[in-house]
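These notes concern the structure reproduced below.
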Amino acid sequence: QVQLVESGGGLVQAGGSLRLSCAASGIIFSPNPVYWYRQAPGEKRELVATITSGGSTYYPDSVKGRFTISRDNAKNTVYLQMNSLKPEDTAVYYCSVLSSVLYWGQGTQVTVSS
């Protein structure tokens, strides 16, 4: 049974930083692409970071230069380092992994105050 558990969310002031973690069980991250999405209230879910099996990373312009996705194969964990946070980054953040199907975690709330 695949389980993804996100952690590290919280309340931070604008300009601050947070590091989210996504720990997996029942699946190995390294051979599969892993994604971080976010969803703000009333908004569609938005892809904010991708790391491929080869380690390539991709970001939309909205977070490029501020967010960094990384993977620790020994811990089977993927991270999202978020710097220079803005109030518009407030959302529930989800990690997901693609392996035949797309598995999702339960999400972690990030709130950025102005």
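The values are calculated or read from the model by the stated rules, or taken from the named source; none is laboratory data. Computed from a predicted structure; not experimentally measured. Every residue, glycine among them, receives a Cβ derived from its backbone with ideal geometry; neighbour counts consider all protein chains shown. With ligands, DNA and RNA removed, areas are computed over all heavy atoms of the protein, side chains included. Shrake-Rupley method; radii C 1.70, N 1.55, O 1.52, S 1.80 Å.
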Consider a paramagnetic label point 7 Å from the Cα of Val101 along Cα→Cβ; state which residues of the range 21-47 have an amide N under 19 Å from it.
-> 24-29, 32-35
Estimated dipole of the chain in Debye, rounded to 20 [Cβ of Lys and Arg +1, of Asp and Glu -1, Cα centre] | 120
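About the Cα centre of the range 35-76, how large is the charge dipole given +1 on each Lys and Arg Cβ and -1 on each Asp and Glu Cβ? Please answer in debye to the nearest 20.
On the way: 7 positive and 4 negative charges, 14 e Å.
For the range 35-76, the charge dipole is close to 60 debye.
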With springs only between Cα atoms under 10 Å apart, run a GNM on the chain and tell me which of Ile27, Ile51, Ile69 wobbles the most.
-> Ile27
Would you please name the GluC sites (Glu not before Pro) within the range 32-96 that are DSSP coil residues with at most 15 other C-beta atoms within 10 Å of their C-beta?
-> Glu43
Considering the alpha-carbon set of the chain alone, what are its Rg and its Dmax in angstrom?
-> 13.2, 41
Listed by chain and number, the lysines with an alpha carbon less than 17 angstrom from that of Lys86, same-chain partners under 8 positions apart left out, are Lys64
Run the quick spin-label model on Ser30 and Lys44: label points 7 Å from Cα toward the beta carbon, then report their separation in nm to one decimal.
-> 3.6
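Tell me, what is the per residue accessible area of the range 1-111 in Å², probe radius 1.4 Å? Write out the running numbers ahead of the final one.
Working: 5630 Å² over 111 residues.
Accessible surface, normalised per residue, equals 51 Å².
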If one computes the Cα centroid of the range 24-60 and of the range 65-114, what distance in Å separates the two points?
-> 7
Among Ser84, Ser62, Ser17, which one moves the most in a GNM of the chain with springs linking Cα atoms closer than 10 Å?
-> Ser62
